[in-house]
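Asker: Just dropping this structure here.
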Amino acid sequence: MENLLQFFKRFGLFLQFLLLETIAIVLLVYFNGYQRSVFMSSAGLVTGVVYQGMDAVGGYFHLRDVNEKLSQENAELKNEIARLQALSSPSVVQMDSIAYATGDSVLYQPFYYLSAHIIQNSINRQQNYITLDRGANDGVQQDMGVVSPQGVVGIVKSVSSHYAMVMPIINVQSHISCRLDASNNFGSLVWDAVDYRYATLQEVPGHVKVEIGETVSTSGFSSIFPSGIPVGKVVDVQLMTENQFLDIKVELSVDFAKISQVNLIGFKGKYELMTLQ
C-alpha cells in the first residue's frame, strides 16, 4: 500500500495530465466533424495494418496444412495421369471400367502415389536420413521411391505402423540408376558426403560426350522409380584415367535443406517382379 501511495505521489501530476489530455481529445473528436473523420480514417488504417499482421501470422501457422493438402492433391493428380495414360495406350483394353494390358497379365499402370510430410531431416552427416509421418497403416512399404515436386529424394528403407525412414540420395550408401537425357547413357548416382547440393554420376563410359547443363533423370531400370523423374543437371565432367569412365558432377534438383512435403511411389507389380529375379 505504501509503495502504491509513493507511486501516485511521484507520478500523480503526469497521470493527471494524461487523463485531461485524453478527455480533451475525446471532446475535440466528438464535437467536431472534421477531426472525427480524420480520426476514423487513421483508426481504420491502424486497424487494417493490425488485421493484416494477424492474418499473416495466422497464414504462416496454416502453411503446413496448405502444403499437406497440395501434396495430397498432387499425388491424386499423378494417379489420375497414370490411369489416363494406361487407358490411352493402344496395348490396353477397357473391361468393366478396369484397364488391362493385352498380351500379358501385368497391369499396365504399375505405379501409384501417396503424399507425406517430413518430420525429421538431416543434411550434414555421411548417412543422412529422413523421417516421414506416414507408415504401414497408410500403405507405405519398404523400397518405395520418394520424390518432391523438384525431383528424386530417396528410397524408403524401414517402415513402422505410423512412420517411415527414407535414405535420401545424399547418403553415402545410396545408389540410384540414372540417365543423361541428351545422350540416353546410363550410370549410377552416388554421394561423396562433401556437399548436399551435389552428387556424382559414375559408370558412364569415357567416350560419351557430356555437355555442361545437360539434365539427368531416373533411368526406370528398377521397380522403385519410373523413368524420367528429374535428378539434376551436369556442372562438371572429369575422365578417370584409371578406368576410362567419366566422373560427372551433378547439381541436384532437390534442395534438401528446404523440402517439407514429398510423394511416395509404389509399384504394384513389385512382388511379382521379385519372384522372377
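The values are calculated or read from the model by the stated rules, or taken from the named source; none is laboratory data. As the structure is a computational prediction, the values presented were derived from the model and not from experiment. Neighbour counts run over all protein chains shown; Cβ positions are idealised from the backbone, glycine included.
Asker: Among the residues in the stretch 162-173, are any assigned by TED's automatic domain parsing to the domain that holds L132, at pLDDT 95 or above, part of a strand (DSSP E or B) and closer than 17 Å to K249 by Cα?
Answerer: yes
Residues checked against (1) at pLDDT below 95; (2) within 20 Å of S115 (Cα to Cα); (3) more than 18 Å from the chain's Cα centre (by Cα):
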position	(1), (2), (3)
T215	no, no, yes
G220	yes, no, yes
F225	yes, yes, no
V237	no, no, yes
M240	yes, no, yes
V250	no, no, yes
Q261	yes, yes, no
I265	yes, yes, no
L273	yes, no, yes
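Asker: Yes or no: L189 part of a strand (DSSP E or B), out of contact with any Gly (no Cβ under 8 Å at 6 or more places or on another chain) and not small (G, A, S)?
Answerer: So L189 fits the description; yes.
Asker: Here's something else I'd like to know. I'm told S177 meets every condition in (1) assigned to a strand (DSSP E or B); (2) more than 30 Å from A136 (Cβ to Cβ) except one. Can you identify the failing condition by its number?
Answerer: The single condition S177 does not satisfy is (2).
Asker: Of all residues in the stretch 201-232, which are part of a strand (DSSP E or B) and over 30 Å from K268 (Cα atoms)?
Answerer: V204, P205
Asker: Continuing with this model, one more query. So which of E242, E251 is in a loop (DSSP other than H, G, I, E, B) and charged (D, E, K, R)?
Answerer: E242
Asker: Between a residue in the stretch 215-235 that is aliphatic (A, V, I, L, M) and any residue that is modelled with pLDDT under 90, which pairs come within a Cβ distance under 8 Å, given they are 6 or more apart or on different chains?
Answerer: Listed pairs, sorted by first residue: I224/F267.
Asker: Name the pairs: first residue in the stretch 2-28 and of a type outside the set (D, E), second residue modelled with pLDDT under 70, Cβ to Cβ under 7 Å, at least 6 apart or on different chains?
Answerer: What qualifies is L28/Q35.
Asker: Right, here's the next one. Within the stretch 119-138, can you find the residues that are in a loop (DSSP other than H, G, I, E, B), over 17 Å from V172 (Cα atoms) and not small (G, A, S)?
Answerer: Hits for the stretch 119-138 are D133, R134.
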